[in-house]
Amino acid sequence: MGAAFTGELWQAIAPIWAAILRHPFVRGLTDGTLPRESFRFYAVQDALYLRDFARALSLAAARAPADEWIIMFNEHAAGALRVERALHASFFAEWGLTPDAVAATPLAPTNLAYTSYLLAVAHAAPWHEAVAALLPCYWIYWEVGKELERSGSPDPLYARWIGTYAAQEFGDVVRAVIDATDRVAGRLSPAERTAMTRHFVATSRYEWMFWEMGHRREAWPV
């Protein structure tokens, strides 16, 4: 877990984190019971999510107060589209899904709500709030990856997914964002840190909702 202010952030989402770990989608990755149709739905939606997550990272880079963070978030934006899309592409090839077919898939309601929230905060909120809103996507996936790697998965596809987020390389990326969050928070007032916490909690809730979206293969009701 993080230190300093980010330790407080993680503490603020303790019930959400517990709910993520016991969610049937997450449990199904480790015991192999997750229906392949649910994982396929999730993977397509996650690929679509990454486009807008990368845009939000680029907005954060453009507004960053330090050169190192301009570089970092731009690199992460490129990485979100290259590294993780390569993982998705390997799945899609196995399923016979073309890039055009994936790109033509509508965003599920939760996905649209989550990405719209991230883009709005990254575009218009103070920079420290944008970083706090972006952090759960990094941090929760890293923690999920490490947690699930302890037990592994009998399903090779799910094991490959787990390994991506448990990897040292991904951990290094996450630690850099945690460090940036702590450093910027150290210069802020209690009210500004409260605003950061509010965004961190909100997007952590969206992370749980994303698992739920995949599990239910969420569709528009009308």
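Values in this text are rule-based calculations from the coordinates and carry no lab data. Predicted model only: the values in this text are computed from it and were never measured. Every residue, glycine among them, receives a Cβ derived from its backbone with ideal geometry; neighbour counts consider all protein chains shown.
A few remarks follow.
- Local net charge near ARG193, Cβ-Cβ under 15 Å (Lys/Arg +1, Asp/Glu -1): -1
- From the coordinates of this entry, percent of Cα pairs over 26 Å apart is computed, and it appears in (i) 33; (ii) 45; (iii) 40 under the label (i).
- Ranking of SER189, SER151, SER38 by neighbouring Cβ atoms within 10 Å, starting from the fewest: SER189, SER151, SER38.
- Dimensions of region 80-188 from C-alpha coordinates, computed as largest minus smallest value along each principal axis and given longest first, are 49, 35, 22 Å.
- Rg/Rh for region 1-125 stands at 1.00; both radii use Cα atoms, and Rh follows the Kirkwood definition.
- Computed E for TRP95/ARG198 - FRET, C-beta separation, R0 30 angstrom, nearest 0.05: 0.20
- Computed over the chain with a Gaussian network model linking Cα atoms closer than 10 Å, the most mobile of GLU192, GLU149, GLU68 is GLU68.
- Counting every other Cβ atom within 10 Å of each residue's Cβ, LEU134, LEU48 order from fewest to most as LEU48, LEU134.
- In sequence order, region 56-63 has phi-based couplings of 5, 5, 5, 5, 5, 4, 4, 9 Hz under the Karplus curve 6.51 cos²θ - 1.76 cosθ + 1.60, θ = phi - 60°, and Gly or Pro positions carry x.
- With the simple model of a label 7 Å out from the Cα in the direction of the Cβ, ASP172 to LEU21 spans 2.8 nm.
- Spin-label zone in region 41-78 - amide nitrogen under 14 Å from a point set 7 Å from the Cα of ALA103 along the C-beta vector: 48, 51-52
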